[in-house]
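Right, one structure below, let's go through it.
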Amino acid sequence: MIKNLTIRSRLILILSVLVIFLLGIEMLGLFGMSNAIEGLRTVYHDRAIPLKQVAEIESLLLRNRIAVTAALMMPTPETIRTKTEVVDQDLEKMTRAWQAYISSHHDAEEKALAAQFAEDRDKFITEGIKPAVIALRKNEIGEAYRILIEKVRPLYIPVDTSIKALVKLQLDGISREYDREQSRYETIRNILVASIAIALVLAALISVVLNDAIFRPLENVVTIARGVAVGDFMQEIEVRSNDEIGQLMQALKEMRDSLVDTIGQIRDSEAHTRALLSNLIDGVTSIDEQGVIKTFNPAAERIFGYAGSEIIGRDVNLLFPKPRPEQGHYADDFRQYLETGKPKALGVTTEVTGLRKGGTAFPMDLAVVEMHGGEHRMFVAIVRDISKRKLEEEQKARLMDELESANEELRNFAHVVSHDLKAPLRAIGALADWLSTDYADKFDDEGKEHMRLLVSRVHRMSNLIDGILQYSRVGRVREALVELDLNQVVHEVIDLLSPPANIAIRVENPLPRIIAEPTRIQQIFQNLLSNAIKYMDKPRGDIRIACSVEGEQWKFSIADNGPGIESRHFERIFQLFQTLAPRDRIESTGVGLAVVKKIVEMYSGQIWIESKAGEGSTFFFTLPKIAANLNSNKGKET
């Protein structure tokens, strides 16, 4: 049939076949490049963006751990507030990033890994990070530290494993997509080369056109893609057209930029972690399974005296004194853990002995954390020099011994006052009474007055000794804390004092129930009310008792219409043995208000007076609503 065609027809037929063939090849090439562009877009949206989101989540998780750790290292209110706010912000960012990640396309394997990570992450946040933040905000540092050790660190391990698996899955997917697209590029190129070989007549023109329009840009894309694959992110990617090749270059550039941002964030996170370790006040060192030191932060250099360059790579035994024979092979829990694998020291702060470079032993706190990296284990040891603390503890123990000795001397003094001084006074008093009775007719008026003064001052001395004993026993002798109805206590005190008929004592409002020592509370009201009765100078005395609430305390007041007190005496009246009226006119030891002040302050309360001379006085004092544990040795002398 071809033979019957003219040459022109043959040429036309051949050219038509060639044109159709070339058009078909070109359409096939364009279809392949369109699929390649779509494939790269799919890689970007389904792999690169999720990879960036996963990396962001990983960075936020790590920053949460660092924020909690930093708050524990410097548990000031400002640091705790700042770090817990960072944690709250990061949790919100993490939730948004995770929602964005979940909304993207995932295959079955990735969905399974994502579900596992979501479970591990929720457990890490709800059982670790959030309880630690709550404890920090309550200033429960010990509880926060326990959560960090027992919850945050162990729960972070499965989270870290899950997120690393997600990152690896994304990177593997990118690698597979890249290989598939590269294969597609090579197929298209081979087809175009074959078409050029078949169309020899148009070889020169087609080769120039294809070389400039397709081959060189494609080779440039392949070169750039290979460079990105091996980690060369600094090469220039120029988009010179808006055709399929230009779009392919643009997609490759966006993918490169996204990878650069992601890797930059990871590197910034690593640099931040290194900076944090470098500025910690505690020594931090990492050790491998063989006990070889791998890292040594500046704080550890200051503690042990070694420079990092001279200790890294050496055995950890250099940091501990040689064990004594009776201590066995290892003298501390950390080295025993390395030897036996028993987690006795893992995550627990232990007081051990360290060894400085100069050979000086010193006490230190040691905590060890285990980390898994593939098939190998690494250990992070956190050390703190507690030499100063141990010295302070020794000083405290010495001061406590001295205080105990002083208390013993005080008890001996009280015994002397109670037994050795009062016995002669009783003899003098009895002798004075005997003389006054049996020799009354022998004394003139002046002699009788002298004997009266002698008896009065003997009784005053006895009362003064009783006051001293009473004052010294406040704070030393404890009763059991019981619930007291102050209405009943006040009425019992009033009945005991038996005020004269011209003096009225009124309770203006119901008094509360408190938990305290019955005798001490009775002493407060008895001393204040007896003073008001004793010094009353009006024909009709009026004494008022009232109570009100002030925050976490009860505020009591005892007011009278007596002579009043000048403001210059407000401080003096609460001092021991101080009285304002002459003792020969009004018998007083000057101990009562001092005892009241001591009891009130023992309960962390306050006492003060408001008064004007001639207008009466009002004594105020406060007591806590909830009694503190004043002394565990109740009912005993201390």
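The values are calculated or read from the model by the stated rules, or taken from the named source; none is laboratory data. Computed from a prediction, not measured in an experiment: that's the story for all the values here. Cβ atoms come from the backbone with ideal geometry, glycine included; neighbour counts cover every protein chain shown. Just so you know, the surface numbers come from the protein's heavy atoms only, side chains and all, with ligands and any DNA or RNA stripped out. Shrake-Rupley method; radii C 1.70, N 1.55, O 1.52, S 1.80 Å.
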Residues that are touching a residue at least 24 places away in the same chain (Cβ under 8 Å) and in contact with a Gly (Cβ under 9 Å, 6 or more places away or on another chain): does region 79-101 have at least one? no
Filter result for THR340 (under 21 Å from MET371 (Cα atoms), at pLDDT below 85 and either open to solvent by less than 60 Å² (accessible area, probe 1.4 Å) or not hydrophobic (A, V, I, L, M, F, W, C) (or both)): yes
Which ones in region 289-316 are in contact with a strand residue (DSSP E or B) (Cβ under 6 Å, 6 or more places away or on another chain) and under 19 Å from VAL369 (Cα atoms)? GLU289, GLY291, ILE293, LYS294, THR295, PHE296, ASN297, ALA299, ALA300, ILE312, VAL316
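Tally time: how many residues in region 72-110 are closer than 24 Å to PRO50 by Cβ, open to solvent by less than 80 Å² (accessible area, probe 1.4 Å) and either acidic (Asp, Glu) or not in a loop (DSSP other than H, G, I, E, B) (or both)? Even if it seems obvious, please write down each step before you answer.
Of all residues in region 72-110, those closer than 24 Å to PRO50 by Cβ come to 89-110.
Those left that are additionally open to solvent by less than 80 Å² (accessible area, probe 1.4 Å): 90-91, 93-95, 97-98, 100-102, 104, 106-107, 110.
From the residues that got through so far, the ones that are either acidic (Asp, Glu) or not in a loop (DSSP other than H, G, I, E, B) (or both) too are 90-91, 93-95, 97-98, 100-102, 107, 110.
Final tally of qualifying residues: 12.
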Quick one: in region 367-395, of everything that is assigned to a strand (DSSP E or B) and touching an Asp or Glu at 6+ places or on another chain (Cβ under 7 Å), which residue is farthest from THR161 (Cα to Cα)? ARG384
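Residue under question is ARG506, and the condition is that it be part of a strand (DSSP E or B), open to solvent by 40 Å² or more (accessible area, probe 1.4 Å) and closer than 20 Å to LEU593 by Cα; does it hold?
Spelling it out, it is not the case that ARG506 is part of a strand (DSSP E or B), open to solvent by 40 Å² or more (accessible area, probe 1.4 Å) and closer than 20 Å to LEU593 by Cα.
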Name the residue that is surrounded by the fewest Cβ atoms within 10 Å (Cβ to Cβ), counting only residues in region 554-571 that are at pLDDT below 90 and within 49 Å of the chain's Cα centre (by Cα). ARG568
Quick check on my filter: what residues within region 155-171 are open to solvent by less than 60 Å² (accessible area, probe 1.4 Å) and modelled with pLDDT of 75 or more? LEU155, TYR156, PRO158, VAL159, ASP160, SER162, ILE163, ALA165, LEU166, VAL167, LEU169
Single residue of region 515-548 satisfying the filter (modelled with pLDDT under 90 and outside any helix (DSSP H, G or I)) that is surrounded by the fewest Cβ atoms within 10 Å (Cβ to Cβ): PRO539
Out of (1) buried (at least 19 other Cβ atoms within 10 Å of the Cβ); (2) modelled with pLDDT of 75 or more; (3) within 23 Å of VAL19 (Cα to Cα), what's the single condition that is false for ASN190? (1)
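Matching residues to (1) at pLDDT 80 or above; (2) buried (at least 18 other Cβ atoms within 10 Å of the Cβ); (3) under 16 Å from THR519 (Cα atoms):
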{"residue": "VAL595", "(1), (2), (3)": "yes, yes, yes"}
{"residue": "ILE607", "(1), (2), (3)": "yes, yes, no"}
{"residue": "GLU610", "(1), (2), (3)": "yes, no, no"}
{"residue": "GLU615", "(1), (2), (3)": "yes, no, no"}
{"residue": "ALA627", "(1), (2), (3)": "no, no, yes"}
{"residue": "LEU630", "(1), (2), (3)": "no, no, yes"}
